[in-house]
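Notes follow once the structure below has been shown.
The values are calculated or read from the model by the stated rules, or taken from the named source; none is laboratory data. Treat the numbers as computed from the prediction; the structure is a model and nothing was measured. FYI the Cβ positions are ideal-geometry reconstructions off the backbone, even for glycines, and counts take in every protein chain you see.
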Amino acid sequence: MEHIMQIMQSDKKSENNEAAQPGSARMEENLFRSRFVFIVGQIEDKMAKTVVAQLVALAQESHEPIYIVVSSPGGHVESGDLIHDMIKFIPAPVYMIGSGWVASAGAIIFLAVPKARRLCLENTRFLLHEPSGGIGGSVSDIEIQATEIIKMRERLAAIIARETGQSVVKVLADIDRDLWMSAKEAVDYGLVARLITHMSDIKVEK
């Protein structure tokens, strides 16, 4: 537990010098006690490491619910996969709260919990689309990369279909182009259980 907290603090210090400011340690402690985790911004390895460390530390502290606020344009798919899988791995139940925008890899992370625990604020926007990536190199390398992108597309479509109740065929057709949804449309699609406007609207499952 202490070691994990040291990792989290080390990552924060490397991002900026604010960790050395008076009151910063107290804010970190209060956030930890609140059991809120924030996934805000581009998803990449460093963010994934910090988020996973927080999840493990909180789950070790107790099995009380953890609340993840997601506002992200997406990013590195495998970093998103790490967070997605770790949410399922820990014993503490996790509640997802979408805000701002929940896009691409951010949406896959959002889908890591049962539908009843997927909530969002009223002005949240959602974006689903197929994975993309730069392809280059020799002809053989291009073929391998193209095959891997197709496999990733099918895998992500299967996750979306399973967690929303849509068919894989429909999801594959939907993500062929950018699919933007309002909060209400995301509820209708099966991404979100319900909209919330206040912390008191979060009803913890018994």
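In summary, Leu172 fulfils each of the numbered conditions (1) surrounded by 17 or more Cβ atoms within 10 Å (Cβ to Cβ); (2) closer than 21 Å to Arg125 by Cβ with the single exception of condition (2).
For beta carbons closer than 7 Å, sequence separation of 6+ or different chains, a first residue in segment 159-182 that is in the same structural domain as Lys115 (by TED's automatic domain parsing) and assigned to a helix (DSSP H, G or I) and a second that is modelled with pLDDT under 95 and surrounded by 14 or more Cβ atoms within 10 Å (Cβ to Cβ), there are no qualifying pairs. Residues in segment 65-76 that are within 15 Å of Val204 (Cβ to Cβ) and surrounded by fewer than 18 Cβ atoms within 10 Å (Cβ to Cβ): Pro65 only.
With the structure loaded, tell me whether Ala48 is in contact (Cβ under 8 Å) with a residue 24 or more places away in the chain, in contact with a Leu (Cβ under 6 Å, 6 or more places away or on another chain) and assigned by TED's automatic domain parsing to the domain that holds Arg125 or whether it fails that test. Break it down stepwise before answering.
On the way: in contact (Cβ under 8 Å) with a residue 24 or more places away in the chain: yes; in contact with a Leu (Cβ under 6 Å, 6 or more places away or on another chain): yes; assigned by TED's automatic domain parsing to the domain that holds Arg125: yes.
Here the answer is yes, as Ala48 does meet what is asked.
For Ser79, state whether it is within 15 Å of Ala48 (Cβ to Cβ), buried (at least 23 other Cβ atoms within 10 Å of the Cβ) and not assigned by TED's automatic domain parsing to the domain that holds Glu148. Give the steps one after another, and end with the answer.
Details: within 15 Å of Ala48 (Cβ to Cβ): yes; buried (at least 23 other Cβ atoms within 10 Å of the Cβ): no; not assigned by TED's automatic domain parsing to the domain that holds Glu148: yes.
Against the criterion (within 15 Å of Ala48 (Cβ to Cβ), buried (at least 23 other Cβ atoms within 10 Å of the Cβ) and not assigned by TED's automatic domain parsing to the domain that holds Glu148), Ser79 does not qualify.
Yes/no matrix, rows are residues, columns are (1) touching a Phe, Trp or Tyr at 6+ places or on another chain (Cβ under 7 Å); (2) at pLDDT 95 or above; (3) within 17 Å of Glu163 (Cα to Cα):
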{"position": "Met27", "(1), (2), (3)": "no, no, no"}
{"position": "Met47", "(1), (2), (3)": "no, yes, no"}
{"position": "Ala59", "(1), (2), (3)": "no, yes, no"}
{"position": "Val69", "(1), (2), (3)": "yes, yes, no"}
{"position": "His84", "(1), (2), (3)": "no, yes, yes"}
{"position": "Ile87", "(1), (2), (3)": "no, yes, yes"}
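Take the conditions farther than 20 Å from Gln42 by Cβ and part of a loop (DSSP other than H, G, I, E, B) and apply them to Val113. Does it pass? Yes, satisfied. Of the numbered criteria (1) surrounded by fewer than 20 Cβ atoms within 10 Å (Cβ to Cβ); (2) within 23 Å of Arg35 (Cβ to Cβ); (3) touching a residue at least 60 places away in the same chain (Cβ under 8 Å), the one Ala92 fails is (3). Taken over segment 83-96, the residue count meeting the criterion of being touching a helix residue (DSSP H, G or I) at 6+ places or on another chain (Cβ under 7 Å) and either within 11 Å of Ile108 (Cα to Cα) or among the hydroxyl-bearing types (Ser, Thr, Tyr) (or both) is 3.
Total residues in segment 23-45 satisfying the condition of being surrounded by fewer than 18 Cβ atoms within 10 Å (Cβ to Cβ) and over 14 Å from the mean Cα position of the chain (by Cα): the figure is 12. Annotation note: Cβ proximity below 7 Å between a residue of segment 112-131 that is surrounded by fewer than 21 Cβ atoms within 10 Å (Cβ to Cβ) and a residue that is assigned to a strand (DSSP E or B) and among the hydroxyl-bearing types (Ser, Thr, Tyr) (sequence gap 6+ or interchain) occurs for Arg117/Tyr95; Leu121/Ser99; Arg125/Ser182. Any residue at all in segment 128-144 that is at pLDDT 95 or above, over 15 Å from Tyr67 (Cα atoms) and not basic (Lys, Arg)? Within segment 128-144 (the criterion being at pLDDT 95 or above, over 15 Å from Tyr67 (Cα atoms) and not basic (Lys, Arg)), the answer is yes, since at least one residue qualifies.
Taking the conditions exactly as written (at pLDDT 95 or above and assigned to a helix (DSSP H, G or I)), does Lys13 satisfy them or not? So Lys13 fails the test. Per the conditions (1) crowded, with 18+ Cβ neighbours inside 10 Å; (2) assigned to a helix (DSSP H, G or I), the sole criterion not satisfied by Ser200 is (1).
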